1. Of all residues in the range 88-125, which are touching a residue at least 40 places away in the same chain (Cβ under 8 Å), open to solvent by 50 Å² or more (accessible area, probe 1.4 Å) and closer than 18 Å to residue 180 by Cα?
2. When residue 276 is evaluated against the numbered criteria (1) more than 30 Å from the chain's Cα centre (by Cα); (2) not in a loop (DSSP other than H, G, I, E, B), which criterion, by number, is the only one it fails?
3. Quickly run through the range 132-158 and pick out the residues that are modelled with pLDDT of 90 or more and acidic (Asp, Glu).
4. So, residue 269, is that one open to solvent by less than 20 Å² (accessible area, probe 1.4 Å) and more than 19 Å from residue 230 (Cβ to Cβ) or not?
5. Name the single residue, out of those in the range 228-246 being part of a loop (DSSP other than H, G, I, E, B) and modelled with pLDDT of 80 or more, that is surrounded by the fewest Cβ atoms within 10 Å (Cβ to Cβ).
6. What's the total number of residues in the range 155-184 that are part of a loop (DSSP other than H, G, I, E, B), at negative phi and not hydroxyl-bearing (Ser, Thr, Tyr)?
7. Can you name every residue in the range 126-158 that is closer than 15 Å to residue 169 by Cβ, surrounded by 15 or more Cβ atoms within 10 Å (Cβ to Cβ) and of a type in the set (A, V, I, L, M, F, W, C)?
8. Give the number of residues within the range 247-266 that are among the charged types (D, E, K, R), open to solvent by 30 Å² or more (accessible area, probe 1.4 Å) and more than 17 Å from the chain's Cα centre (by Cα).
Amino acid sequence: MRNHPRGIIWLLPVMLLAACVTDSGTATPVPPTIPSAPTAATVNTGSTATSNSASPVATTRPQANVACPVTPFTTSRPPDANTAGFTQTWYGNDVLWAGLAPSYQGKWFVGSLKVLWWRSVTGQLTIEGKRLDGPAPPLAATIPSGYGENGYQATGMDFPTTGCWEVVGKVANRELRFTVSVYPDGCLATSLRDPDSRPTPIPCTSSEDRMDVCPVTQPPNPSLTPPPPITDRVGSYGFWYGNDALWVVLAKDGTTPGGKFGWWRTAHGQLTIEGRRLDAPAPPLDASIPSGYGDTGFQVSGLDFPTTGCWEVMGKVADKQLIFVVNVAPPPR
């Protein structure tokens, strides 16, 4: 973590996880058909900004349309297990069960996952996996020793790419076969206020991909120099953005989870803040602006974005406004 100046916006990188799970069985699934080009919906931000304000432009946002016969993991657990361990979602048969840790909220994503298995018969577990909807290296599974030959077996499963994946666990010449949809590690949740919400859109879009469909405010070139007594020491993560009435520090990558934002008023007046999501319907931004900061200079605020997505934020003071656009994403997992 970088150390940021006191009173400056706290901006965190976005890494959230998400992945979703729905339906299939133990039979080998038919490889799904993936459309060559997803449907896109036009989004018009429809606002104009004052001097040095972000001016959003019309853009498009890909819509989800991917078929993957994913297997339904549920809260039902192995019938002969005394405890659910650390898992909250399970899928299995009379020989073998696979369970996903609650921290993943029933979703699968690129990278290393901790997956618990339950063996109702005696035997060593093996795991294989292949992507069904495109080329990819095979699934990398780690099966540590020390768990005996039946009962619980903790494993590590590392999906190298996103996509539709078939996983096969085998023990005592029997197998458990299931299909999962694996999403980007930066997958966005539907609602920041509901961490158990499903990804949005489905399939969800990584924060990097969202940069292509959200006109986030970019660092000006040449950079803007805030007037004294504002310090220009914002660190390498951010940049100053403002006009003749109001200034704020934004992240260079255009991403924020919300939280504490610091403003500087060069004009006299009380700060007000509004915000709306540009790429989908959502409740308005909830801004907290505490008193005690006078009518000029520094003003701290709390910005509570109800959902992830592309958001336009407008600060107002002395009948002037500063508008910027950010990509709102959950804090790192």
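The values are calculated or read from the model by the stated rules, or taken from the named source; none is laboratory data. Since this is a predicted model, take the numbers as computed values, not measurements. Neighbour counts run over all protein chains shown; Cβ positions are idealised from the backbone, glycine included. Note: areas computed on protein heavy atoms with side chains; ligands, DNA, RNA excluded. Shrake-Rupley method; radii C 1.70, N 1.55, O 1.52, S 1.80 Å.
1. Selection gives 103, 105, 112, 114.
2. The number of the failed condition is (1).
3. Selection gives 158 alone.
4. Numbers: open to solvent by less than 20 Å² (accessible area, probe 1.4 Å): yes; more than 19 Å from residue 230 (Cβ to Cβ): no.
Here the answer is no, as residue 269 does not meet what is asked.
5. Ranking the candidates gives 244 first.
6. First, the residues of the range 155-184 that are part of a loop (DSSP other than H, G, I, E, B): 160-162, 172-173, 184.
The next check asks that each one be at negative phi; those that pass are 160-162, 184.
Still in the running and not hydroxyl-bearing (Ser, Thr, Tyr): 160, 184.
Matching residues across the range 155-184 total 2.
7. Within the range 126-158, 127, 139, 141, 143, 154, 157 meet the criteria.
8. Looking only at that region, the number is 2.
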